[in-house]
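Asker: Just passing along the structure, written as structure tokens.
The values are calculated or read from the model by the stated rules, or taken from the named source; none is laboratory data. On a predicted model such as this, the values are computed, not experimentally measured, just so you know. Here the Cβ is made from the backbone with ideal geometry for all residues, glycine too, and neighbour counts use every protein chain on show. Note: accessible area is taken over every heavy atom of the protein model, side chains too, but ligands, DNA and RNA are not part of it. Shrake-Rupley method; radii C 1.70, N 1.55, O 1.52, S 1.80 Å.
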Amino acid sequence: MTWNATVEKATAVVAGGEFNAEVTGIHDMVGQHGHMVRLEFTLSTDDEWDGRRVSGIASKKLCENTKLGRWVGAILGRMPDAGDDIAEEDLLEKQCRIVIKHKTNADGVVFANVADVLAPKVPF
């Protein structure tokens, strides 16, 4: 028997760069490095990427010198004080800017990854 395969249409990967977005999901997860959080963003653009969803993962540790701390600070417009409780509703539907960089998974598939979260430009 000979090998054969059918070529599938690839899903378009969101371009790398900086985009206006809104926080539309927050999910706890366990990764290879422990407890993590996945933030989902919906892009707000004037091009073909409008409405596309992308996500980024950070350690669940929330303080000013962690990725999650920087992201939350950018979304809220200030770094929360030590001891503050941050809830999902504090972040959901908030606007921000995200930086997308492409990554490749173990199967060789290229995907859009949120590499950084920045405060929104005013006006949004």
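Asker: Would you mind telling me which residue in A82, A112, A15 has the biggest mean-square fluctuation in a Gaussian network model of the chain, where springs connect alpha carbons within a distance under 10 angstrom?
Answerer: Comparing A82, A112, A15 in a Gaussian network model of the chain, the most mobile one is A82.
Asker: Roll a 1.4 Å probe over the protein chains and send me the accessible area per residue for the chain in Å².
Answerer: Numbers: 8390 Å² over 124 residues.
Dividing the accessible area of the chain by its residue count gives 68 Å².
Asker: Do the alpha carbons of any pairs in K67/K94; K9/K60; K9/K101; K60/K94 sit beyond 26 Å of each other, and which pairs?
Answerer: Check vs 26 Å cut-off fails for K9/K60.
Asker: Which value, in debye to the nearest 20, gives the size of the charge dipole of region 18-124 about its Cα centre, when Lys and Arg are +1 and Asp and Glu are -1 at the Cβ?
Answerer: 440 debye
Asker: From the residues F19, T42, V30, which one has its Cα farthest along the dipole of region 10-53 in the positive direction, the dipole being from +1 and -1 charges on Cβ of Lys/Arg and Asp/Glu about the Cα centre?
Answerer: Toward the positive end, the furthest listed residue is V30.
Asker: Now for a separate question. Helix-derived [θ] at 222 nm for the chain: sum -39500 (n - 2.57) over DSSP H runs of at least 4, divide by residue count, nearest 500?
Answerer: Helices in the chain give a 222 nm mean residue ellipticity of -3000 deg cm²/dmol.
Asker: Restricting attention to region 1-57, which GluC sites (Glu not before Pro) occupy a DSSP loop and are surrounded by at most 14 other Cβ atoms within 10 Å? If you can, show how the numbers build up before the last one.
Answerer: Numbers: sites: E8, E18, E22, E40, E48; in loops: E8, E48.
Of the GluC sites (Glu not before Pro), the ones in loops of region 1-57 whose Cβ has at most 14 other Cβ atoms within 10 Å are E8, E48.
Asker: Over 19 Å, how big is the tail of the calculated P(r) for the chain, in percent of all Cα pairs?
Answerer: Taking all Cα-Cα pairs of the chain, the fraction more than 19 Å apart is 52 percent.
Asker: Give me the extension gain from E89 to A119: residue separation times 0.36 nm, minus the current Cα-Cα distance, reported in nm with one decimal.
Answerer: 9.0 nm
Asker: How much of the accessible area of the chain, probe 1.4 Å, is carbon plus sulfur, in whole percent?
Answerer: 49 percent
Asker: On full extension of the chain, what length is gained from R38 through K60, given 0.36 nm per residue of separation minus the C-alpha to C-alpha distance?
Answerer: 7.0 nm
Asker: In region 51-93, which GluC sites (Glu not before Pro) fall in coil by DSSP and have 11 or fewer other Cβ atoms within 10 Å?
Answerer: On the way: sites: E64, E88, E89, E93; in loops: E64, E93.
Filter output for region 51-93: E93.
Asker: How much FRET efficiency would the formula 1/(1 + (r/R0)^6) give for L76 and F111, where r is the Cβ-Cβ distance and R0 is 25 Å, rounded to 0.05?
Answerer: Efficiency at R0 = 25 Å is approximately 0.40.
Asker: Tell me, which longest segment in the chain has none of the trypsin sites (Lys or Arg not before Pro) that fall in DSSP loops with at most 12 further Cβ atoms within 10 Å?
Answerer: 10-77
Asker: Still on this structure: What is the distance in Å between the Cα centres of region 99-124 and region 11-42?
Answerer: 8 Å
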